[in-house]
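Asks: Let me give you the structure first, and then I'll get to my questions.
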Amino acid sequence: METYNFGMIGLGVMGRNFLLNMADNGFKVIGFDKDSDKAASLEKAATKGTVVKGVDSLETMLDLLESPRKIMMLVPAGKPVDEVIESLLPLLDRGDVVIDGGNSHFTDTLRRVQYLEQKGIHFMGMGVSGGEEGARKGPSIMPGGDAKAYKLVRPMLEAVAAKVNGEPCVAYMGNGAAGHYVKMVHNGIEYAIMQLISEIYDFLHRGGGLDNDELHQVFKQWNEGELQSFLVEITADIFLQKDDKTENRLIDMIMDRAGSKGTGKWTSQDAMELPVAVPVIDMAVAMRILSAYKEERVAAADLYVNQRKPVRLSREQLVRQAHDALYFSIIVCYAQGLAMLHQASLEWKMEIPMKEVVKIWRGGCIIRSSLLETFYKAYRKNKALPNILLDKTVARLIRKKEKHCRNLIKSATQHKIVSGALCSSLAYFDAYTSEWMPVNLIQAQRDYFGAHTYERTDREGKYHTNWEQFNQ
Ligand code: 6PG
């Protein structure tokens with residue numbers, strides 16, 4: 001009887017593609033889906049000469065897997081993951097490895113790691129990024145939790161992961177729920193960069209009057225320079241896509257209401273808990289929420305917005321400013337996400353290796369960009385760097401762009417072009433680089449109305465002032 005090296009539960013596009021990728025790399029794979037059509041189409045999609053089997057019975061899959069079994073699930077986050085675990089438990093043996101490769105909330109993963117540990121099962125929460133294409137051709141993979149389990153699956157994950165300079169984009173991300181935590185923050189950064197790009201698009205399009213062909217050219221050119229990244233690259237493509245229902249470009253026919261599955265929101269929520277400031281991510285989440293209030297926005301526009309005046313800049317100046325503002329604010333949003341990971345790692349004792357995080361984000365994932373190489377160098381110099389803005393090379397890069405970013409924000413706000421994420425980047429930068437912040441006044445106010453006490457600049461301790469003379 002043929003036995004298999006790796007099993008997958010859930011043969012949606014991501015599960016199927018991940019498994020086919022593994023088969024292409026020489027592993028014998030088996031996939032389970034209760035939908036027998038999906039199980040059959042897995043085998044049909046396999047590359048000739050590879051060993052791929054699709055089944056619609058979980059028992060059959062478990063019988064056919066070599067020991068210790070290595071099983072991954074790619075099912076929707078939440079209840080379905082717990083249901084799969086419960087259906088697996090009676091069929092598993094001690095020492096088997098179970099991997100959740102979906103976008104599960106890290107607190108669920110922590111609970112599952114502990115639950116399965118008691119039963120002798122190795123459980124790993126693992127972030128997988130790169131969408132359908134990434135899963136098929138090489139994703140960025142963020143495993144965490146049970147280190148023994150990682151050792152068992154490491155050769156397989158290294159084989160299927162994207163490669164940068166011949167090095168696989170997979171590494172152990174730390175204890176507990178570290179894998180899913182790192183993926184959550186990856187998605188927070190993803191939200192933020194997408195929001196920043198959309199604001200720059202608006203500045204160039206409605207502000208500067210660039211049409212879709214010109215926008216395509218601008219983004220294409222940017223992708224060949226220091227802004228090189230997956231999200232800039234696909235943005236350039238998007239402007240060219242024709243609509244198949246009208247004569248227009250598709251981008252002009254898409255409703256301005258953004259969806260979300262929650263990972264960006266989770267990043268903001270946990271940042272507040274830690275606490276760490278990630279205002280660009282917060283703003284990106286807020287803008288997606290606000291976009292859903294379409295009818296109210298239309299009514300409010302009628303009340304408050306006169307015609308937008310075009311931004312008066314030469315095309316060259318416009319594009320230069322937009323480039324620099326985007327570069328500046330993208331660095332700031334990576335800085336926020338990475339600072340969050342640094343802090344969360346300490347707080348949750350995850351021991352997240354920051355150097356490895358940026359290394360495996362260089363390829364395969366949605367936020368891959370040439371900047372990650374710079375950050376990788378920064379963490380190689382100092383693996384405990386609390387914020388990449390403190391790195392001298394990063395500082396040099398960002399200083400060169402600061403002026404144009406300020407100028408762009410000035411004209412964007414004057415012309416009523418929404419620039420929430422750009423403004424948040426600059427506001428964070430200005431606060432983070434301020435040796436003094438005006439919160440002495442906030443402390444005084446807190447003490448005035450609530451006796452909350454304050455610290456002094458000239459001596460240690462907590463102080464309270466009797467403010468009563470003002471209340472007579
Ligand atoms: C990835 C993506 C992927 C998914 C997001 C989309 O890294 O491949 O992040 O996981 O596209 O979850 O999230 P929203 O639907 O919330 O935008």
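The values are calculated or read from the model by the stated rules, or taken from the named source; none is laboratory data. Keep in mind that what you see is a predicted model, and the values were worked out from it rather than measured. Heads up, the Cβs are rebuilt from the backbone with ideal geometry, glycines too, and the neighbour counts pull from every protein chain shown. Only protein heavy atoms, including side chains, enter the accessible area calculation; ligands, DNA and RNA are left aside. Shrake-Rupley method; radii C 1.70, N 1.55, O 1.52, S 1.80 Å.
Asks: Any chance the range 194-201 includes a residue that's away from the ligand (no atom under 13 Å from the Cβ) and open to solvent by 20 Å² or more (accessible area, probe 1.4 Å)?
Replies: Yes, that holds for at least one residue.
Asks: Somewhere in the range 107-122, is a residue at pLDDT 95 or above, within 16 Å of the ligand (Cβ to nearest atom), surrounded by fewer than 24 Cβ atoms within 10 Å (Cβ to Cβ) and not β-branched (Val, Ile, Thr)?
Replies: yes
Asks: Among the numbered conditions (1) open to solvent by less than 10 Å² (accessible area, probe 1.4 Å); (2) within 13 Å of the ligand (Cβ to nearest atom), tell me where Ala335 comes up short.
Replies: Against the list (1) open to solvent by less than 10 Å² (accessible area, probe 1.4 Å); (2) within 13 Å of the ligand (Cβ to nearest atom), Ala335 comes up short only on (2).
Asks: Where residues in the range 365-375 are open to solvent by 10 Å² or more (accessible area, probe 1.4 Å) and within 14 Å of the ligand (Cβ to nearest atom), which of them is farthest from the chain's Cα centre (by Cα)?
Replies: Among them, the one singled out is Ser369.
Asks: Shifting gears a bit: Quick check, is Met156 within 16 Å of the ligand (Cβ to nearest atom), among the aliphatic types (A, V, I, L, M) and either open to solvent by 10 Å² or more (accessible area, probe 1.4 Å) or modelled with pLDDT of 95 or more (or both)?
Replies: no
Asks: Going by what's in this entry, would His464 be described as at negative phi, open to solvent by 100 Å² or more (accessible area, probe 1.4 Å) and in contact with a His (Cβ under 9 Å, 6 or more places away or on another chain)?
Replies: Yes.
Asks: Kindly provide the set of residues from the range 225-259 that are polar (S, T, N, Q) and either under 22 Å from Arg362 (Cβ atoms) or within 16 Å of the ligand (Cβ to nearest atom) (or both), ordered by number.
Replies: Selection gives Gln228, Ser229, Thr235.
Asks: On to the next question. Does the range 67-77 contain at least one residue that is of a type in the set (D, E, K, R) and open to solvent by 60 Å² or more (accessible area, probe 1.4 Å)?
Replies: no
Asks: A follow-up question, please. Taking interchain pairs and intrachain pairs at least six residues apart, which have beta carbon atoms under 7 angstrom, with the first residue in the range 191-218 and more than 12 Å from Gly420 (Cβ to Cβ) and the second of a type in the set (Phe, Trp, Tyr) and surrounded by fewer than 24 Cβ atoms within 10 Å (Cβ to Cβ)?
Replies: Short answer, once both residue conditions are applied: Asn212/Phe239; Leu215/Tyr201; Leu215/Phe239; His216/Phe239.
Asks: Let me ask something else. So Lys245 fits all but one of (1) more than 20 Å from the chain's Cα centre (by Cα); (2) in a helix (DSSP H, G or I); (3) without any contact (Cβ under 8 Å) to a residue 24 or more places away in the chain; what number is the exception?
Replies: (2)
Asks: Out of the helices (runs of 4 or more DSSP H) lying entirely within the range 260-332, which hold 3 or more residues that are within 16 Å of the ligand (Cβ to nearest atom) and surrounded by 15 or more Cβ atoms within 10 Å (Cβ to Cβ)?
Replies: 263-273, 279-291
Asks: Go through the range 395-433 and give me each residue that's open to solvent by 50 Å² or more (accessible area, probe 1.4 Å) and over 23 Å from the mean Cα position of the chain (by Cα).
Replies: Answer for the range 395-433, where residues must be open to solvent by 50 Å² or more (accessible area, probe 1.4 Å) and over 23 Å from the mean Cα position of the chain (by Cα): Arg396, Arg399, Lys400, Lys403, His404, Arg406, Lys410, Thr413, Gln414, Lys416, Asp430, Thr433.
Asks: Return the residues of the range 36-72 that are free of Cβ contacts under 8 Å to residues at least 12 places away in the same chain and among the acidic types (Asp, Glu); say none if nothing qualifies.
Replies: Result: Asp37, Glu43, Asp63.
Asks: Can you give me the number of residues within the range 413-456 that are in a loop (DSSP other than H, G, I, E, B) and in contact with a helix residue (DSSP H, G or I) (Cβ under 8 Å, 6 or more places away or on another chain)?
Replies: Final tally of qualifying residues: 8.
Asks: Ok, one more. Only residues that are within 12 Å of the ligand (Cβ to nearest atom) and open to solvent by less than 10 Å² (accessible area, probe 1.4 Å): list them for the range 170-186, please.
Replies: His180, Val182, Met184, Val185, His186, listed by residue number.
Asks: Could you list all residues from the range 137-152 that are within 15 Å of the ligand (Cβ to nearest atom) and open to solvent by 60 Å² or more (accessible area, probe 1.4 Å)?
Replies: Lys137
Asks: I would also like to ask the following. Restricting to the range 443-461, name every residue that is over 41 Å from the mean Cα position of the chain (by Cα) and surrounded by 13 or more Cβ atoms within 10 Å (Cβ to Cβ).
Replies: Correct list: Tyr448 only.
Asks: Of all the residues that make up the range 405-450, how many are of a type in the set (Gly, Ala, Ser) and farther than 29 Å from Pro386 by Cβ?
Replies: So the answer is 3.
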